[in-house]
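Notes to accompany the following structure.
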Amino acid sequence: DSQSEVPDRQGSQDIQTAVVRQQSEGRSCSPATSQPSRVGEGQTSAAQDVDRQLPTSVVVEAFKEAMVLTGSLPTSSAVKRNSLGGPSAVDYALAKWRPKKTQPRNAFIVLNIMLVAIVLGNLVAATTWPLYYLWWPYLCWSLVDNTSSKGGRLWPALRRADYWKQLADYFPVHLHAQVKLDPSKRYIFGYHPHGVISLGALLNFGTNATGFEELFPGIDMRLLTLNVNFKVPLHRELLLWLGICDASAESITHHVGRCQGKAGNAVMLVVGGAAESLHSQPGFYRLKLRDRQGFVKMALKTGAHLVPVFSFGENDVFNVLKPAENSAAERLQACLKKNFGFTLPLAYGEMGLMPKREPIFTVVGTPLECPHSPEPTDEEITWWHNQYMEALLDIWNEYKNSVAFNRVAGLDIGG
């Protein structure tokens with residue numbers, strides 16, 4: 001397993017080197033911020049501990065409602081492998097996941113029908129009298145309405161609907177907290193990896209499918225997405241009812257800002273964005289994080305705590321075809337990303353766009369207690385960004401052998 005661990009250790013060494021370099025050059029933060037403060041205990045350096053793992057019973061317990069683990073569970077010291085040949089705590093190549101008898105596929109069928117209905121509904125409304133005269137004013141209003149940057153229009157009953165739990169049970173998705181969160185604080189969550197469409201982010205933090213409200217009482221979460229999603233009529237209403245907002249500085253400040261945000265408010269950013277979605281492949285975890293510091297800057301400006309979140313299995317639910325270099329498909333992806341901020345990975349699942357049934361285990365890490373710095377310096381931002389990357393590596397190293405079921409390589413934090 002030594003080859004697969006190189007990215008893990010190298011990433012930690014790079015981070016530590018950067019911190020030491022800052023300190024040696026006299027660029028460390030002020031005394032109030034020179035040392036990271038983490039809420040909770042139990043964290044150790046990624047460089048010091050790279051092989052911690054959850055007991056098998058914890059893993060099985062997490063997924064017992066939707067899946068059962070069957071077959072041989074070797075207890076010998078022999079190297080254990082997952083189904084794609086990577087290392088694991090349990091020999092998952094022999095201990096297969098067997099779905100319990102549920103009807104989660106029906107939920108995805110309904111979801112697909114609902115999304116198609118939204119598209120067809122817009123076409124019908126735009127071309128049918130008298131809906132025509134109602135649709136065009138609505139379209140104009142939706143293009144200028146800024147509700148998406150003002151907290152959305154949360155409809156709690158929709159967010160708690162059992163329908164979302166059926167969706168989560170399809171994979172299944174499990175939400176795990178390392179520590180409890182203080183509802184008197186405000187938080188900015190960073191979600192990794194993006195995957196193709198961030199299904200784990202939607203189900204864990206955009207709905208109550210996995211019990212977020214029970215796991216984190218008093219925390220009012222807003223999942224953030226691209227502003228372009230709120231320019232699609234009807235579709236935007238579904239997002240707003242779920243409390244999903246746009247990922248703008250205005251939106252973040254409104255919800256977690258020191259003056260505007262209330263205690264217990266939190267936002268979730270999928271940090272890697274569209275660029276990271278193109279790297280999504282089963283068994284691999286390639287992030288776009290080293291050059292993403294905007295969310296850290298917002299945490300310092302608002303005084304919100306930074307919470308690293310890693311979703312093991314997010315990349316496993318879709319296969320992604322990489323287009324040939326300079327092909328029409330590659331140029332289209334680049335054009336969409338440049339002009340609209342999103343792109344379309346050439347993805348397919350179990351059957352067309354039906355996702356594969358692979359477990360997603362989402363870990364909410366220990367918060368980094370960032371200070372309030374209305375005008376943070378570049379040195380402060382870089383220092384806290386390094387602390388965040390190391391905290392994310394801590395999560396990876398602690399859980400990779402137990403719940404990264406299909407991994408075949410180490411974590412690559414990327415550019």
Original post:
What pairs come up if the first residue lies in the range 140-154 and is in contact (Cβ under 8 Å) with a residue 24 or more places away in the chain, the second is of a type in the set (G, A, S), and their beta carbons are under 6 Å apart, counting only those six or more places apart or on different chains?
Top reply: S149/S248; S149/S251; G152/G243; L154/G243
**OP:** For P355, indicate whether it is within 21 Å of S277 (Cβ to Cβ), buried (at least 18 other Cβ atoms within 10 Å of the Cβ) and out of contact with any Pro (no Cβ under 9 Å at 6 or more places or on another chain).
**Re:** yes
Original post:
Has the range 177-185 got at least one residue that is crowded, with 17+ Cβ neighbours inside 10 Å, within 20 Å of the chain's Cα centre (by Cα) and among the polar types (S, T, N, Q)?
Top reply: yes
Original post:
Name the pairs whose Cβ atoms lie under 8 Å apart, with the first residue in the range 290-306 and under 17 Å from R186 (Cβ atoms), the second basic (K, R), and 6 or more positions between them or separate chains?
Top reply: T302/R186; T302/R258; G303/R186; G303/R258; A304/K185; A304/R186; H305/K185; H305/R186
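Kindly indicate whether V320 is surrounded by fewer than 23 Cβ atoms within 10 Å (Cβ to Cβ), outside any helix (DSSP H, G or I) and not polar (S, T, N, Q). Reasoning before the result, please.
Details: surrounded by fewer than 23 Cβ atoms within 10 Å (Cβ to Cβ): yes; outside any helix (DSSP H, G or I): yes; not polar (S, T, N, Q): yes.
Yes; evaluated as a whole, the condition is true for this residue.
Which residues, taken from the range 133-175, are closer than 20 Å to V317 by Cα, under 20 Å from the mean Cα position of the chain (by Cα), in a helix (DSSP H, G or I) and not aliphatic (A, V, I, L, M)? Break it down into steps so the answer makes sense when it comes.
Of the residues in the range 133-175, the ones closer than 20 Å to V317 by Cα are 163-175.
Those left that are additionally under 20 Å from the mean Cα position of the chain (by Cα): 164-175.
Now narrow it down to the ones that are in a helix (DSSP H, G or I): 164-170.
Within the range 133-175, W164, K165, Q166, D169, Y170 qualify.
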Subject >> Whichever residue in the range 358-379 is buried (at least 21 other Cβ atoms within 10 Å of the Cβ) and over 19 Å from the mean Cα position of the chain (by Cα) and, among such residues, is farthest from S280 (Cα to Cα) >> reply: P376
**OP:** Six or more apart or on different chains, Cβ under 8 Å: which pairs go from a residue in the range 222-233 that's buried (at least 21 other Cβ atoms within 10 Å of the Cβ) to one that's of a type in the set (D, E) and part of a strand (DSSP E or B)? Could you list them?
**Re:** L224/D246; T225/D246; F230/D246
Subject >> Complete set of residues in the range 197-219 that are closer than 16 Å to Y163 by Cβ, in a loop (DSSP other than H, G, I, E, B) and in contact with a Leu (Cβ under 7 Å, 6 or more places away or on another chain) >> reply: T207, A209, T210, G211
Original post:
Looking at A263, is it surrounded by fewer than 24 Cβ atoms within 10 Å (Cβ to Cβ) and touching a helix residue (DSSP H, G or I) at 6+ places or on another chain (Cβ under 8 Å)?
Top reply: no
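Since every read-out is calculated from the coordinates, none of them should be taken as a lab result. Quick caveat: nothing in here was measured; it's all calculated off a predicted structure. Note: ideal-geometry Cβ built from the backbone for every residue, glycine included; neighbour counts use all protein chains shown.
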